[in-house]
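This report concerns only the one structure given below.
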Amino acid sequence: MLATVFCVAVALVKNVLASHQQPLLIDPKDLHACSILEFQLPGRVSFRDSDVYKFQSESYWATNQGELSAFCHTAPRDSQELQQIMLLISQTGTFFAVKSGGHSVVANTSNVVDGIVVDLEHLNHVTVRPDLGFVDVGVGARWNDVYQKLEDTDYGVVGARAGSVGVGGYLLGGGLSPYSGVAGWACDNIVLLEVVLANGTLLEVDHGHHPDLFMALKGAGSNFGVVSRARLQLVSAHDRFDVTFIHYKAEHTMQAVHAISEYTDVANEDSGAAVSISVGGLYDGRRPTVSAVLSHPRSVLLSKVLAPFFGVGHHLVSHKRMSQLELAMMYDAMNPRGFRQHRATTTIRNDVDSLTDIVQDYVSKLHPNMSCFGDEDGQGGLLIQPLTKSHLQTGRWTNPNMLGLQEEASPLLLLSVEARHSDLHDDELIRPLISEFIYAADRNATERNASHDFRYLNYASADQFPFEHVRRDHKLWSEVQATKQKYDPHNISGKQMRHPFKIQPYS
Ligand SMILES: Cc1cc2nc3c(=O)[nH]c(=O)nc-3n(C[C@H](O)[C@H](O)[C@H](O)COP(=O)(O)OP(=O)(O)OC[C@H]3O[C@@H](n4cnc5c(N)ncnc54)[C@H](O)[C@@H]3O)c2cc1C
């Protein structure tokens, strides 16, 4: 009965939304800045009516990001051109956004309404130096480009699971990877960054040069400047990934949930193991299904910490040895671009009762409520990923980041809700449902003393503040704000970027 009332209400709201489309406003100074840019850098600027602009708009993963109408796009060919662009943007006061791979689903992060998109697609070189143990990557490269270059070497790199994800945004948000148990966040493996500040200054930052900025960039997204190149430490990978996919019977959902909690407690005993569990599926009225992806650089079956996953009733197990590139291509196939996408996240301590309640809430409320939108592309899930102790503490002494988790004594569980659909009008219906679900999950975790205030930037929704956890650490937050004051004293990114994840300098 409740679900029926909800579905009728949804139909009514959809009609109202359909009749209230807002026109977009254009600021003349953006037109002005685009025209100057075109004069300064001929061939590097594309306007709304051009094929290049259309192509670039279609390269976003989520259509709700790609459809935002920037006044122009500019795609520098090298760091010097990027310097010119940033200088002009700051001098003209124009709104702008920076795009690497365009996989963010939060509006105005890598696209911008009526401003300039700085598209880093051409800064995409990849140079592997096995002799020196690193790979140099232009941030406009996709992870597939990097994995491709490593395919015939004995090395891997801590990068995204899906290969079409861009290097830039992923790295600057932290970066979770199947290698995270052994090597931490992707940002823990950054050796050096080349960055263009808002005033056009080009800096190379590492432990010895601008260490404050180097630390702040690892987790802060686009708050401190535009990164053009990253030098990443290689990971020794003599073998291919051993990967096992398990599809559980729906009635065993909670046992699978118990297995991930059990694993999270002991994961440190075998840091090579990596696990994610997804509860979800099509919004076709059926009960969501549960699947797990287990990987290990050597052997999934021989890893004792992964044993709990095999003790649960399942439909299907498949097993494959895969290179990093093959694994990334498989994830790409499971996550096609071209849909409207939404995502939100929370983090809890590894409390099995809290986790069970949250999954139960997803299965019994959120998923069925989404099912009534009648969108045949509708699909979503709750993704559960352990943040193991070795993952969180890597780099604690040698490579500090600004995620604020390096002192965590216990493992955590990162939860994210993801939803995709095609109908524009469902955006305004789906987002509040997801927010309510996350709110209820947080409340549940708080009641059970299992809450944690880390909100992963790369999974956060527009109404979440990913730096809350850092803000509560007064020492770290003061350092971050001082760094902001030093490198972006006029707060160009705060004032001229429309994205919601802002770090303000001292007020
Ligand atoms: C299919 C899929 C798979 C994913 N898999 C993983 C995963 O395995 N692990 C994980 O941790 N995350 C994963 N993510 C999340 C992903 O890390 C984020 O969406 C990330 O922001 C994508 O980076 P991008 O460069 O493609 O995005 P973009 O949309 O281009 O950028 C995202 C944000 O970063 C900023 N930014 C980008 N480049 C720069 C730069 N060079 N300088 C300054 N700011 C910049 C942008 O302005 C924007 O705010 C996945 C996402 C998708 C859609």
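The values are calculated or read from the model by the stated rules, or taken from the named source; none is laboratory data. What you see is a predicted model; the values in this text were computed from it and never measured. For neighbour counting, all protein chains shown are included, and Cβ atoms are generated from backbone atoms with ideal geometry for every residue, glycine included.
Out of curiosity, is Asn124 on the phi > 0 side of the Ramachandran plot and either within 12 Å of the ligand (Cβ to nearest atom) or not assigned by TED's automatic domain parsing to the domain that holds Thr345 (or both)? No; evaluated as a whole, the condition is false for this residue.
Would you point out the residue of region 448-468, among those that are part of a helix (DSSP H, G or I) and touching an Asp or Glu at 6+ places or on another chain (Cβ under 9 Å), that is farthest from the ligand (Cβ to nearest atom)? Here the answer is Glu468. Among the residues making up region 127-143, those that are within 12 Å of the ligand (Cβ to nearest atom) and in contact (Cβ under 8 Å) with a residue 60 or more places away in the chain are Val137, Gly138, Val139, Trp143.
Name the residues in region 402-447 that are of a type in the set (Val, Ile, Thr) and outside any strand (DSSP E or B), would you?
Selection gives Ile430, Ile434, Ile438, Thr446.
Among Ser100, Ser59, Ser104, Ser69, which is among the polar types (S, T, N, Q), more than 20 Å from His122 (Cα to Cα) and either within 14 Å of the ligand (Cβ to nearest atom) or touching a Leu at 6+ places or on another chain (Cβ under 9 Å) (or both)?
Ser69
Does region 191-214 contain at least one residue that is surrounded by fewer than 20 Cβ atoms within 10 Å (Cβ to Cβ) and of a type in the set (Ser, Thr, Tyr)? Yes, some residue in region 191-214 is surrounded by fewer than 20 Cβ atoms within 10 Å (Cβ to Cβ) and of a type in the set (Ser, Thr, Tyr).
What do you reckon, is Arg349 more than 28 Å from Asp453 (Cα to Cα) and among the basic types (Lys, Arg)? Criteria not met by Arg349. Residues in region 84-97 that are closer than 15 Å to Asp488 by Cβ and within 15 Å of the ligand (Cβ to nearest atom): 4 in all.
For region 434-465, filtering for residues that are within 16 Å of His342 (Cα to Cα) and crowded, with 19+ Cβ neighbours inside 10 Å leaves 11. Here Ala460, Ala440, Ala450, Ala445 are screened, and the one residue that is under 21 Å from Gln385 (Cβ atoms), in contact with a Pro (Cβ under 9 Å, 6 or more places away or on another chain) and among the aliphatic types (A, V, I, L, M) is Ala460. Just one of the listed residues (Leu433, Leu383, Leu355, Leu387) is aliphatic (A, V, I, L, M) and closer than 21 Å to Arg472 by Cβ, namely Leu387. Scanning region 115-140 for residues that are more than 17 Å from Asn189 (Cα to Cα) and hydrophobic (A, V, I, L, M, F, W, C) turns up Ile116, Val117, Val118, Leu120, Leu123. Looking only at residues in region 411-454 that are in contact with a helix residue (DSSP H, G or I) (Cβ under 7 Å, 6 or more places away or on another chain) and among the hydroxyl-bearing types (Ser, Thr, Tyr), the one that is farthest from Glu376 (Cα to Cα) is Ser451.
Scanning region 229-260 for residues that are closer than 18 Å to His391 by Cβ and surrounded by 21 or more Cβ atoms within 10 Å (Cβ to Cβ), which turns out nearest to the chain's Cα centre (by Cα)? The selected residue is Leu232.
Among the conditions (1) within 24 Å of the chain's Cα centre (by Cα); (2) within 12 Å of the ligand (Cβ to nearest atom); (3) more than 17 Å from His342 (Cα to Cα), Ser79 misses just one, which is (1). Please indicate, with yes or no, whether at least one residue in region 293-307 is under 25 Å from the mean Cα position of the chain (by Cα), in a loop (DSSP other than H, G, I, E, B) and either closer than 26 Å to Arg142 by Cα or basic (Lys, Arg) (or both). Checked against the condition, which is being under 25 Å from the mean Cα position of the chain (by Cα), in a loop (DSSP other than H, G, I, E, B) and either closer than 26 Å to Arg142 by Cα or basic (Lys, Arg) (or both), region 293-307 yields at least one hit. Residue count for region 144-184 satisfying the condition of being within 11 Å of the ligand (Cβ to nearest atom), of a type outside the set (Gly, Ala, Ser) and out of contact with any strand residue (DSSP E or B) (no Cβ under 9 Å at 6 or more places or on another chain): 1.
Rundown of residues vs (1) crowded, with 18+ Cβ neighbours inside 10 Å; (2) modelled with pLDDT of 60 or more; (3) over 30 Å from Gly200 (Cα atoms); (4) not hydroxyl-bearing (Ser, Thr, Tyr), yes/no style:
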| position | (1), (2), (3), (4) |
| --- | --- |
| Ala18 | no, no, yes, yes |
| Phe39 | no, yes, no, yes |
| Phe55 | no, yes, no, yes |
| His73 | yes, yes, no, yes |
| Met86 | yes, yes, no, yes |
| Ser90 | yes, yes, no, no |
